[in-house]
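Bear in mind these aren't lab numbers, they're just calculated from the coordinates by the rules spelled out. Keep in mind it's a predicted model, so treat the numbers as computed, not measured. Backbone-built Cβ (ideal geometry, glycine too); neighbour counts: all protein chains shown.
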Amino acid sequence: MEDVKDGGPAFPVSGTRLREPFPGQLETWVEVKAEGLSIRDFFAVHAGDSAIDWAIRQHAEDRKNGRDDRIGLTNPQARYFYADAMLAARSKP
């Protein structure tokens with residue numbers, strides 16, 4: 001299985017938060033650490049119709065040039081294809 005570079009967490013949360021007590025309970029502080037969704041997931045979720053169209057056209061070009069052997073892309077695959085392109089663009093100077 002290939003190692004997917006997901007860009008890390010999009011909205012990480014860590015620290016101490018006050019937990020809302022139930023009636024009759026004392027207030028308590030709890031340690032919170034949540035990574036949330038990855039930047040790759042964030043890009044995929046926010047891929048609009050034009051981004052999906054681009055991904056499908058780019059995939060067809062990659063298939064024609066022998067860089068991808070999948071026959072077609074489903075909507076979620078197209079979204080992640082676009083997200084991977086966005087992550088690649090972020091890593092360029």
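Below 14 angstrom from the Cβ of R63, what's the summed charge of the other residues (Lys, Arg +1; Asp, Glu -1)? The partial results should precede the final answer.
Working: positive: R57, K64, R67, R70; negative: E61, D62, D68, D69.
Around R63, the charge tally is 0.
Of all lysines in the structure, the ones whose alpha carbon falls short of 24 Å from that of K5, not counting any fewer than 8 places away in one chain, are K33, K92.
Taking Lys and Arg as +1 and Asp and Glu as -1, the other residues whose beta-carbon sits under 12 Å from that of A44 total -1.
Considering all C-alpha pairs of the range 13-91, those separated by over 15 Å amount to 66%.
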